[in-house]
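No value in this document is a laboratory result; all are computed from the given coordinates. In this text the structure is predicted, and so the values were computed from the model without any measurement. Glycine also receives a Cβ, built like all others from the backbone with ideal geometry; neighbour counts cover every protein chain displayed.
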Amino acid sequence: MTCLDKYLLREALKSTFSSEGYNIMVNATKGVFISCDIPMAQYIINMNASLPASDKFIIHVLDNTHIFVQPHVEVMIRSQIAKFREDNTYVKPT
C-alpha cells in the first residue's frame, strides 16, 4: 500500500465516522487520477482556472503532484499537454 493509498483510506475513514462514532454517508465520484510533476500539475490547474465555472474539470487537488479530474476531460488534457510540450521543445538549428 503506497503512501497515497494510506492517505486516501485515512481520509475516507475520517469522512465515514464523525467524532461521535455515528455513520455518515460517503459520496463516490468517478474520475481520473493524474500523477505528474509540479510544473505540469500547475499547468493543468491553470487550464482549469481559465475555464468558466460550468466547464471546470478538477474534482480535487490531492497534493502538489496528484489531481483528481472528471473522466470526460482526459483526452483534452492529454492533447493540451502534448501541444504544450511540442511548443516548448528546443530544436537545434541546422
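For segment 34-94, state which chymotrypsin sites (Phe, Trp or Tyr not before Pro) are in a DSSP loop and have at most 13 other beta carbons lying within 10 Å of their beta carbon.
Working: sites: Tyr43, Phe57, Phe68, Phe84, Tyr90; in loops: Phe57, Tyr90.
Loop-located and lightly packed - Tyr90.
For segment 27-87, the alpha-carbon coordinates run over 39, 23, 18 Å along the three principal axes, in decreasing order.
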